[in-house]
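This report concerns only the one structure given below.
The values are calculated or read from the model by the stated rules, or taken from the named source; none is laboratory data. Keep in mind the model is a prediction, meaning the values are calculated, not measured. Here Cβ is always computed from backbone atoms with ideal geometry, including for glycine, and neighbour counts include all displayed protein chains. For the accessible areas, the whole protein counts, side chains as well, though only heavy atoms, and no ligand, DNA or RNA atoms are used. Shrake-Rupley method; radii C 1.70, N 1.55, O 1.52, S 1.80 Å.
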Amino acid sequence: MRMFGDFENEIYFDGLRGVVPKLPVDMASLEKKAMAAWPDAIVSYVQGGCGNERTQNSNVTAFHRWGLIPRMMVDCSKRDLSIELFGMKLPSPIFMAPIGVLGICTQDGHGDLAVARAAAKTGVPMIASTLSSDPMEAVAPELGETPGFFQLYTPNDREIAASLVHRAEAAGFKAIVVTLDTWVAGWRPRDLNQANFPQLRGHCLANYFSDPVFRSRLSKPIEQDPPAAVKRWTEIFGASITWNDLPWLRSLTKLPLLLKGICHPDDARRAIDGGVDGIYCSTHGGRQANGGIGCLDLLPGVVQAAGRTPVLFDSGIRSGTDIVTALALGATAVGIGRPYSWGLALDGTNGVVHVIRCLLAEADLLMAIDGYPTISDLKPSALMRVD
Ligand code: FNR
(Lines give C-alpha, C1' and ligand atoms only; values in the text may rest on other atoms or scores of the structure.)
Protein backbone atom coordinates (compact mmCIF):
# COMPACT_ATOMS: atom_id res chain seq x y z
CA MET A 1 0.00 0.00 0.00
CA ARG A 2 1.48 3.34 -1.06
CA MET A 3 1.41 6.14 1.47
CA PHE A 4 1.65 9.85 0.73
CA GLY A 5 4.86 9.98 2.79
CA ASP A 6 6.59 7.61 0.34
CA PHE A 7 7.24 10.69 -1.77
CA GLU A 8 10.24 11.42 0.43
CA ASN A 9 11.97 8.12 -0.41
CA GLU A 10 11.24 8.73 -4.07
CA ILE A 11 13.08 12.04 -3.80
CA TYR A 12 16.02 10.58 -1.87
CA PHE A 13 16.40 7.64 -4.28
CA ASP A 14 16.30 10.02 -7.23
CA GLY A 15 19.11 11.87 -5.49
CA LEU A 16 21.30 8.78 -5.80
CA ARG A 17 21.11 9.33 -9.56
CA GLY A 18 21.95 12.99 -9.15
CA VAL A 19 18.34 14.11 -9.62
CA VAL A 20 16.94 16.77 -7.30
CA PRO A 21 13.30 17.93 -7.26
CA LYS A 22 12.47 20.26 -10.15
CA LEU A 23 10.59 22.54 -7.76
CA PRO A 24 11.28 23.29 -4.09
CA VAL A 25 9.34 21.09 -1.66
CA ASP A 26 8.75 23.88 0.88
CA MET A 27 6.04 26.41 0.16
CA ALA A 28 8.12 29.46 1.14
CA SER A 29 10.73 28.77 -1.57
CA LEU A 30 8.05 27.85 -4.06
CA GLU A 31 6.24 31.11 -3.37
CA LYS A 32 9.41 33.13 -3.95
CA LYS A 33 10.01 31.39 -7.27
CA ALA A 34 6.44 31.96 -8.44
CA MET A 35 6.71 35.66 -7.59
CA ALA A 36 9.77 35.91 -9.79
CA ALA A 37 7.95 34.16 -12.66
CA TRP A 38 4.74 36.20 -12.67
CA PRO A 39 4.25 39.72 -14.05
CA ASP A 40 3.62 42.37 -11.35
CA ALA A 41 -0.10 42.55 -12.04
CA ILE A 42 -0.58 38.81 -11.34
CA VAL A 43 1.63 38.93 -8.25
CA SER A 44 -0.54 41.71 -6.81
CA TYR A 45 -3.78 40.04 -7.69
CA VAL A 46 -2.89 36.60 -6.31
CA GLN A 47 -0.77 37.60 -3.34
CA GLY A 48 -2.60 40.72 -2.31
CA GLY A 49 -5.29 41.00 0.29
CA CYS A 50 -7.64 43.52 1.75
CA GLY A 51 -6.47 46.65 3.59
CA ASN A 52 -3.14 46.26 5.37
CA GLU A 53 -3.54 42.48 4.95
CA ARG A 54 -3.98 41.82 8.65
CA THR A 55 -6.58 39.10 8.08
CA GLN A 56 -4.46 37.50 5.39
CA ASN A 57 -1.47 37.38 7.75
CA SER A 58 -3.57 36.27 10.73
CA ASN A 59 -4.90 33.39 8.64
CA VAL A 60 -1.35 32.08 8.39
CA THR A 61 -0.05 32.94 11.87
CA ALA A 62 -3.12 31.44 13.59
CA PHE A 63 -1.61 28.03 12.77
CA HIS A 64 1.58 28.91 14.61
CA ARG A 65 -0.30 28.87 17.90
CA TRP A 66 -1.10 25.18 17.72
CA GLY A 67 1.08 22.10 17.97
CA LEU A 68 0.37 18.39 17.63
CA ILE A 69 1.20 16.43 20.78
CA PRO A 70 3.50 13.49 19.96
CA ARG A 71 2.20 10.08 21.07
CA MET A 72 4.49 7.06 20.96
CA MET A 73 4.12 3.27 20.78
CA VAL A 74 1.23 3.51 18.30
CA ASP A 75 1.33 1.36 15.16
CA CYS A 76 1.40 3.94 12.39
CA SER A 77 3.02 1.74 9.75
CA LYS A 78 -0.17 2.17 7.72
CA ARG A 79 -1.99 5.45 7.60
CA ASP A 80 -5.40 6.20 6.17
CA LEU A 81 -6.02 9.80 5.16
CA SER A 82 -9.11 9.09 3.11
CA ILE A 83 -12.41 10.76 3.86
CA GLU A 84 -16.03 10.46 2.84
CA LEU A 85 -17.80 13.57 1.68
CA PHE A 86 -21.39 13.67 0.42
CA GLY A 87 -21.23 9.92 -0.20
CA MET A 88 -17.98 10.20 -2.19
CA LYS A 89 -14.84 8.41 -1.04
CA LEU A 90 -11.82 10.70 -1.44
CA PRO A 91 -8.22 9.49 -1.10
CA SER A 92 -7.13 12.48 0.95
CA PRO A 93 -8.73 15.14 3.13
CA ILE A 94 -7.83 18.10 0.93
CA PHE A 95 -9.34 19.95 -2.01
CA MET A 96 -8.34 22.84 -4.23
CA ALA A 97 -10.18 26.01 -3.25
CA PRO A 98 -11.74 28.06 -6.05
CA ILE A 99 -9.34 30.56 -7.56
CA GLY A 100 -10.83 32.84 -10.16
CA VAL A 101 -7.72 33.74 -12.10
CA LEU A 102 -6.17 30.34 -12.75
CA GLY A 103 -6.45 30.94 -16.47
CA ILE A 104 -4.07 33.88 -16.40
CA CYS A 105 -1.67 32.28 -13.89
CA THR A 106 -0.19 30.27 -16.77
CA GLN A 107 1.40 31.53 -19.95
CA ASP A 108 -0.95 29.58 -22.21
CA GLY A 109 -4.02 31.10 -20.55
CA HIS A 110 -5.54 27.69 -19.73
CA GLY A 111 -4.70 27.35 -16.05
CA ASP A 112 -8.20 26.11 -15.23
CA LEU A 113 -7.69 23.09 -17.48
CA ALA A 114 -4.21 22.49 -16.06
CA VAL A 115 -5.59 22.44 -12.51
CA ALA A 116 -8.43 20.10 -13.50
CA ARG A 117 -5.81 17.72 -14.92
CA ALA A 118 -3.93 17.88 -11.62
CA ALA A 119 -7.17 16.94 -9.87
CA ALA A 120 -7.50 13.96 -12.22
CA LYS A 121 -3.94 12.85 -11.42
CA THR A 122 -4.16 13.20 -7.64
CA GLY A 123 -7.78 12.46 -6.79
CA VAL A 124 -7.91 15.84 -5.04
CA PRO A 125 -11.16 17.62 -5.93
CA MET A 126 -11.06 20.99 -7.63
CA ILE A 127 -13.65 23.62 -6.85
CA ALA A 128 -13.97 25.38 -10.18
CA SER A 129 -14.63 29.12 -9.89
CA THR A 130 -17.36 30.96 -11.74
CA LEU A 131 -14.51 33.20 -12.90
CA SER A 132 -12.54 31.09 -15.33
CA SER A 133 -10.82 31.43 -18.66
CA ASP A 134 -12.30 28.24 -20.04
CA PRO A 135 -16.00 27.48 -19.69
CA MET A 136 -17.04 24.90 -17.13
CA GLU A 137 -18.02 22.46 -19.90
CA ALA A 138 -14.34 22.39 -20.96
CA VAL A 139 -13.00 22.13 -17.39
CA ALA A 140 -15.23 19.25 -16.22
CA PRO A 141 -14.00 16.53 -18.64
CA GLU A 142 -10.39 17.22 -17.60
CA LEU A 143 -11.23 16.14 -14.04
CA GLY A 144 -11.34 12.49 -15.11
CA GLU A 145 -12.66 10.32 -12.27
CA THR A 146 -12.02 12.96 -9.62
CA PRO A 147 -15.11 14.83 -8.46
CA GLY A 148 -15.25 18.55 -9.11
CA PHE A 149 -17.44 21.11 -7.39
CA PHE A 150 -18.70 24.31 -8.99
CA GLN A 151 -18.37 27.60 -7.11
CA LEU A 152 -21.09 30.13 -7.78
CA TYR A 153 -20.78 33.87 -7.53
CA THR A 154 -24.48 34.62 -7.44
CA PRO A 155 -25.43 37.17 -10.11
CA ASN A 156 -28.18 39.66 -9.31
CA ASP A 157 -30.06 38.27 -12.30
CA ARG A 158 -31.67 35.09 -10.97
CA GLU A 159 -32.08 33.55 -14.40
CA ILE A 160 -28.36 33.81 -15.06
CA ALA A 161 -27.67 32.25 -11.65
CA ALA A 162 -30.02 29.37 -12.43
CA SER A 163 -28.44 28.89 -15.82
CA LEU A 164 -24.92 28.66 -14.33
CA VAL A 165 -26.05 26.11 -11.74
CA HIS A 166 -27.91 23.99 -14.27
CA ARG A 167 -24.93 24.05 -16.63
CA ALA A 168 -22.69 22.90 -13.75
CA GLU A 169 -25.06 20.01 -13.04
CA ALA A 170 -25.15 19.04 -16.69
CA ALA A 171 -21.34 19.25 -16.95
CA GLY A 172 -21.05 16.69 -14.13
CA PHE A 173 -19.97 18.78 -11.14
CA LYS A 174 -20.86 17.03 -7.90
CA ALA A 175 -21.70 19.95 -5.60
CA ILE A 176 -22.47 23.65 -5.72
CA VAL A 177 -20.50 26.02 -3.49
CA VAL A 178 -22.06 29.46 -3.15
CA THR A 179 -19.58 32.13 -2.11
CA LEU A 180 -21.24 34.69 0.14
CA ASP A 181 -18.52 37.23 0.85
CA THR A 182 -17.83 38.57 -2.63
CA TRP A 183 -20.87 40.36 -3.97
CA VAL A 184 -18.54 43.38 -4.10
CA ALA A 185 -14.72 43.32 -4.24
CA GLY A 186 -12.79 44.07 -1.05
CA TRP A 187 -10.47 47.09 -0.77
CA ARG A 188 -7.22 45.70 -2.16
CA PRO A 189 -4.47 48.33 -2.12
CA ARG A 190 -1.97 46.32 -4.17
CA ASP A 191 -4.42 46.09 -7.08
CA LEU A 192 -5.78 49.59 -6.57
CA ASN A 193 -2.27 51.06 -6.73
CA GLN A 194 -1.90 49.47 -10.15
CA ALA A 195 -5.52 50.21 -11.12
CA ASN A 196 -5.74 46.58 -12.18
CA PHE A 197 -8.78 44.31 -11.94
CA PRO A 198 -8.37 41.44 -14.42
CA GLN A 199 -12.07 40.87 -15.07
CA LEU A 200 -12.55 44.45 -16.24
CA ARG A 201 -9.93 43.71 -18.87
CA GLY A 202 -12.13 40.87 -20.07
CA HIS A 203 -10.22 38.07 -18.35
CA CYS A 204 -11.80 35.03 -16.72
CA LEU A 205 -15.35 35.66 -17.91
CA ALA A 206 -15.76 32.55 -20.07
CA ASN A 207 -18.61 31.13 -18.00
CA TYR A 208 -20.61 34.30 -18.53
CA PHE A 209 -19.73 34.87 -22.16
CA SER A 210 -20.71 31.28 -22.99
CA ASP A 211 -23.95 31.50 -21.06
CA PRO A 212 -27.09 31.70 -23.19
CA VAL A 213 -29.02 33.72 -20.62
CA PHE A 214 -26.17 36.19 -20.11
CA ARG A 215 -25.81 36.52 -23.86
CA SER A 216 -29.52 37.17 -24.18
CA ARG A 217 -29.08 40.19 -21.91
CA LEU A 218 -26.75 41.92 -24.40
CA SER A 219 -27.94 44.25 -27.09
CA LYS A 220 -25.17 43.13 -29.47
CA PRO A 221 -23.30 39.79 -29.74
CA ILE A 222 -20.17 39.76 -27.51
CA GLU A 223 -17.92 39.35 -30.52
CA GLN A 224 -19.17 42.66 -31.94
CA ASP A 225 -18.78 44.67 -28.74
CA PRO A 226 -16.62 43.02 -26.05
CA PRO A 227 -16.38 46.16 -23.83
CA ALA A 228 -20.19 46.35 -23.66
CA ALA A 229 -20.30 42.69 -22.58
CA VAL A 230 -17.74 43.37 -19.82
CA LYS A 231 -19.77 46.39 -18.70
CA ARG A 232 -22.91 44.28 -18.59
CA TRP A 233 -21.00 41.74 -16.50
CA THR A 234 -20.12 44.44 -13.94
CA GLU A 235 -23.83 45.21 -13.69
CA ILE A 236 -24.95 41.64 -13.01
CA PHE A 237 -21.95 40.18 -11.14
CA GLY A 238 -22.87 40.46 -7.50
CA ALA A 239 -26.10 40.02 -5.60
CA SER A 240 -26.05 40.91 -1.93
CA ILE A 241 -28.00 37.82 -1.03
CA THR A 242 -29.67 37.33 2.36
CA TRP A 243 -31.22 34.47 4.31
CA ASN A 244 -34.46 35.22 2.44
CA ASP A 245 -32.72 34.03 -0.73
CA LEU A 246 -31.62 30.70 0.71
CA PRO A 247 -34.84 28.80 -0.17
CA TRP A 248 -34.41 29.97 -3.78
CA LEU A 249 -30.74 28.92 -3.84
CA ARG A 250 -31.68 25.57 -2.33
CA SER A 251 -34.39 25.11 -4.95
CA LEU A 252 -31.88 25.55 -7.80
CA THR A 253 -30.24 22.15 -7.38
CA LYS A 254 -30.53 18.69 -5.94
CA LEU A 255 -26.72 18.52 -5.71
CA PRO A 256 -25.12 19.04 -2.31
CA LEU A 257 -25.18 22.78 -1.58
CA LEU A 258 -22.46 24.50 0.45
CA LEU A 259 -22.17 28.08 1.63
CA LYS A 260 -18.63 29.53 1.54
CA GLY A 261 -17.62 32.27 3.94
CA ILE A 262 -19.55 31.09 6.99
CA CYS A 263 -17.52 32.06 10.07
CA HIS A 264 -20.07 32.50 12.88
CA PRO A 265 -21.79 29.62 14.70
CA ASP A 266 -25.21 31.28 14.35
CA ASP A 267 -24.74 31.59 10.58
CA ALA A 268 -23.74 27.92 10.42
CA ARG A 269 -26.89 26.91 12.31
CA ARG A 270 -29.09 29.10 10.15
CA ALA A 271 -27.57 27.70 6.96
CA ILE A 272 -28.16 24.14 8.11
CA ASP A 273 -31.74 24.98 9.12
CA GLY A 274 -32.13 26.36 5.59
CA GLY A 275 -31.22 23.01 4.07
CA VAL A 276 -27.55 23.30 3.07
CA ASP A 277 -25.47 20.14 2.97
CA GLY A 278 -22.12 21.61 3.94
CA ILE A 279 -20.59 24.64 5.63
CA TYR A 280 -17.45 26.20 4.17
CA CYS A 281 -15.57 28.20 6.77
CA SER A 282 -13.29 30.69 5.01
CA THR A 283 -12.13 34.30 5.18
CA HIS A 284 -11.39 34.21 1.45
CA GLY A 285 -7.69 34.30 2.19
CA GLY A 286 -8.05 37.80 3.63
CA ARG A 287 -8.82 39.21 0.19
CA GLN A 288 -12.30 40.44 0.93
CA ALA A 289 -12.49 41.88 4.44
CA ASN A 290 -9.76 42.95 6.79
CA GLY A 291 -11.57 42.24 10.06
CA GLY A 292 -8.36 40.78 11.38
CA ILE A 293 -9.35 37.36 12.71
CA GLY A 294 -7.41 34.34 11.51
CA CYS A 295 -9.89 31.88 10.04
CA LEU A 296 -8.53 28.97 12.07
CA ASP A 297 -9.64 30.72 15.25
CA LEU A 298 -13.20 30.77 13.89
CA LEU A 299 -13.23 27.11 12.92
CA PRO A 300 -13.96 25.43 16.28
CA GLY A 301 -17.13 27.46 16.86
CA VAL A 302 -18.39 26.72 13.37
CA VAL A 303 -17.60 23.01 13.75
CA GLN A 304 -19.47 22.84 17.03
CA ALA A 305 -22.51 24.57 15.57
CA ALA A 306 -22.45 22.41 12.44
CA GLY A 307 -22.80 19.18 14.40
CA ARG A 308 -22.84 16.32 11.90
CA THR A 309 -22.86 18.58 8.85
CA PRO A 310 -19.49 18.55 7.05
CA VAL A 311 -17.32 21.65 7.47
CA LEU A 312 -14.89 22.54 4.72
CA PHE A 313 -12.15 24.95 5.70
CA ASP A 314 -9.61 27.16 3.94
CA SER A 315 -7.50 30.29 4.51
CA GLY A 316 -3.87 30.16 5.54
CA ILE A 317 -2.89 26.57 4.74
CA ARG A 318 0.82 26.65 3.92
CA SER A 319 2.03 23.19 4.98
CA GLY A 320 1.06 19.61 5.67
CA THR A 321 1.21 20.45 9.36
CA ASP A 322 -1.44 23.12 8.83
CA ILE A 323 -3.68 20.54 7.19
CA VAL A 324 -3.35 18.25 10.21
CA THR A 325 -4.10 21.13 12.59
CA ALA A 326 -7.27 22.11 10.74
CA LEU A 327 -8.43 18.49 10.69
CA ALA A 328 -7.80 18.15 14.42
CA LEU A 329 -9.89 21.27 15.03
CA GLY A 330 -12.76 19.57 13.25
CA ALA A 331 -12.56 20.39 9.55
CA THR A 332 -13.93 17.59 7.41
CA ALA A 333 -11.80 18.63 4.43
CA VAL A 334 -9.14 21.30 4.05
CA GLY A 335 -8.78 23.69 1.11
CA ILE A 336 -5.48 24.60 -0.46
CA GLY A 337 -5.54 28.09 -1.95
CA ARG A 338 -2.60 30.22 -3.09
CA PRO A 339 0.07 27.47 -2.80
CA TYR A 340 -1.34 25.44 -5.68
CA SER A 341 -1.39 28.55 -7.88
CA TRP A 342 2.37 28.89 -7.24
CA GLY A 343 2.92 25.33 -8.49
CA LEU A 344 0.69 26.10 -11.46
CA ALA A 345 2.77 29.16 -12.33
CA LEU A 346 6.03 27.24 -12.28
CA ASP A 347 5.15 23.96 -13.96
CA GLY A 348 1.49 23.80 -14.99
CA THR A 349 -0.31 20.56 -14.10
CA ASN A 350 2.91 18.96 -12.82
CA GLY A 351 3.55 21.94 -10.59
CA VAL A 352 0.10 21.61 -9.00
CA VAL A 353 0.60 17.86 -8.55
CA HIS A 354 3.97 18.60 -6.92
CA VAL A 355 2.40 20.99 -4.40
CA ILE A 356 -0.30 18.47 -3.51
CA ARG A 357 2.22 15.64 -3.10
CA CYS A 358 4.47 17.76 -0.88
CA LEU A 359 1.63 18.88 1.38
CA LEU A 360 0.20 15.39 1.71
CA ALA A 361 3.61 13.80 2.30
CA GLU A 362 4.31 16.22 5.13
CA ALA A 363 0.86 15.68 6.67
CA ASP A 364 1.16 11.89 6.37
CA LEU A 365 4.63 11.74 7.91
CA LEU A 366 3.62 14.04 10.77
CA MET A 367 0.72 11.72 11.57
CA ALA A 368 3.00 8.67 11.22
CA ILE A 369 5.69 9.98 13.54
CA ASP A 370 3.40 11.54 16.14
CA GLY A 371 1.13 8.52 16.53
CA TYR A 372 -2.09 9.42 14.70
CA PRO A 373 -2.70 6.82 11.96
CA THR A 374 -6.13 7.99 10.83
CA ILE A 375 -8.03 11.21 10.55
CA SER A 376 -10.46 10.12 13.24
CA ASP A 377 -7.48 10.03 15.64
CA LEU A 378 -7.02 13.76 15.07
CA LYS A 379 -9.16 15.43 17.72
CA PRO A 380 -8.81 18.81 19.44
CA SER A 381 -7.24 16.94 22.38
CA ALA A 382 -4.36 15.96 20.06
CA LEU A 383 -3.37 19.64 19.91
CA MET A 384 -1.70 21.94 22.40
CA ARG A 385 -2.10 25.70 22.24
CA VAL A 386 1.38 27.17 22.30
CA ASP A 387 1.00 30.95 22.42
C1 FNR B 1 -9.50 33.36 -4.46
N2 FNR B 1 -10.60 32.87 -3.76
C3 FNR B 1 -11.79 32.69 -4.43
N4 FNR B 1 -12.87 32.18 -3.77
C5 FNR B 1 -14.02 31.95 -4.42
O6 FNR B 1 -14.98 31.49 -3.79
N7 FNR B 1 -14.11 32.19 -5.76
C8 FNR B 1 -13.08 32.70 -6.49
O9 FNR B 1 -13.18 32.91 -7.68
C10 FNR B 1 -11.89 33.00 -5.79
N11 FNR B 1 -10.85 33.58 -6.45
C12 FNR B 1 -9.65 33.74 -5.81
C13 FNR B 1 -8.58 34.28 -6.51
C14 FNR B 1 -7.34 34.36 -5.90
C15 FNR B 1 -6.17 34.92 -6.65
C16 FNR B 1 -7.15 33.91 -4.57
C17 FNR B 1 -5.81 33.92 -3.91
C18 FNR B 1 -8.24 33.42 -3.86
C19 FNR B 1 -10.47 32.49 -2.35
C20 FNR B 1 -10.03 31.03 -2.21
O21 FNR B 1 -11.05 30.16 -2.60
C22 FNR B 1 -9.63 30.70 -0.77
O23 FNR B 1 -10.68 31.04 0.08
C24 FNR B 1 -8.34 31.42 -0.34
O25 FNR B 1 -7.39 31.37 -1.37
C26 FNR B 1 -7.76 30.80 0.90
O27 FNR B 1 -6.70 31.57 1.39
P28 FNR B 1 -5.15 31.20 1.14
O29 FNR B 1 -4.90 29.89 1.81
O30 FNR B 1 -4.95 31.15 -0.31
O31 FNR B 1 -4.40 32.32 1.77
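How far apart, in nm, are two points set 7 Å out from the Cα along the Cα-to-Cβ line at W248 and at E145?
Placing both labels 7 Å beyond Cα along the Cβ direction yields 4.1 nm.
Where the only charges are on Cβ atoms (+1 Lys, Arg; -1 Asp, Glu), what is the dipole of the chain about its Cα centre, to the nearest 20 debye? Please list the in-between numbers first.
Values: 36 positive and 40 negative charges, 64 e Å.
The calculation lands at about 300 debye.
Based on the Cα gyration tensor of the chain, what are the three equivalent ellipsoid semi-axes, each the root of five times an eigenvalue, rounded to whole Å and given largest first?
Working: eigenvalues 217, 117, 79 Å².
Equivalent ellipsoid semi-axes, largest first: 33, 24, 20 Å.
Show which lysines lie in cross-link reach of K260 when reach means a straight Cα distance below 20 angstrom and same-chain residues fewer than eight apart are skipped.
K174
How many angstrom lie between the C-alpha centres of region 211-240 and region 44-109?
With region 211-240 and region 44-109 each reduced to a Cα centre, they are spaced 34 Å.
State, to one decimal in nm, how far the label point of A239 lies from the label point of A185, with both points 7 Å from Cα in the Cβ direction.
For A239 paired with A185, the spin-label model returns 2.3 nm.
Given the pairs K22/K121; K33/K78; K32/K78, which span a C-alpha to C-alpha distance of over 23 angstrom in this model? Let's see the in-between values first.
Details: K22/K121 18 Å; K33/K78 34 Å; K32/K78 34 Å.
Checking Cα-Cα distances, K33/K78; K32/K78 exceed 23 Å.
Antiparallel DSSP bridges in region 6-385: what percent, to the nearest 5? Can you show the working numbers first?
Values: 6 of 30 bridges.
Given both bridge residues lie in region 6-385, the antiparallel proportion sits at roughly 20 percent.
What nm distance separates the two modelled labels at N156 and S376, each placed 7 Å from Cα along Cα→Cβ?
Those two pseudo-labels are separated by 4.9 nm.
What is the angle, in °, between the Cα long axis of helix 338-370 and the longest principal axis of the Cα atoms in the chain? Nearest 10 is fine, range 0 to 90.
30 degrees
Give the angle, between 0 and 90 degrees and rounded to the nearest 10, that separates the Cα long axis of helix 158-171 from the longest principal axis of the Cα atoms of the chain.
For 158-171 against the chain, the angle is about 50 degrees.
So, with a 1.4 angstrom probe, what is the percent of accessible area on the chain that is carbon and sulfur?
Working: 8970 of 16440 Å².
Ligands and nucleic acids excluded, carbon and sulfur give 55 percent.
Given 0.36 nm per residue, what is the gain on full extension from R308 to V74 after removing their alpha carbon distance, in nm?
Details: separation 234, 0.36 × 234 = 84.24 nm, distance 2.80 nm.
Extra length available between R308 and V74 comes to 81.4 nm.
Just the accessible area per residue of the chain, please: how many Å² with a 1.4 Å probe? The partial results should precede the final answer.
On the way: 16440 Å² over 387 residues.
Heavy-atom accessible area per residue stands at 42 Å².
Take each of the peptides 194-202, 175-183, average the number of other beta-carbon atoms within 10 Å over its residues, and list them starting from the highest. Mind showing how you got there, number by number?
On the way: 194-202: 14.3, 175-183: 21.9.
The most tightly packed comes first, giving 175-183, 194-202.
Net charge near G123: determine it from the other residues with C-beta under 15 Å of the C-beta of G123, scoring Lys and Arg +1 and Asp and Glu -1. Let's see the in-between values first.
On the way: positive: R2, K89, R117, K121, K174, R357; negative: D80, E84, E142, E145, D364.
Once positives and negatives cancel, what remains is +1.
Rounded to the nearest 500, what is the chain's calculated 222 nm mean residue ellipticity when only DSSP H runs of at least 4 contribute -39500 (n - 2.57) each, over all residues? Walk me through the intermediate numbers first.
Numbers: 17 runs with 165 residues, N = 387.
-12500 deg cm²/dmol, from helical runs alone.
Taking the dipole about the Cα centre of the chain, with the C-beta of Lys and Arg at +1 and of Asp and Glu at -1, give me whichever of A36, F7, S58 is farthest to the positive side.
S58
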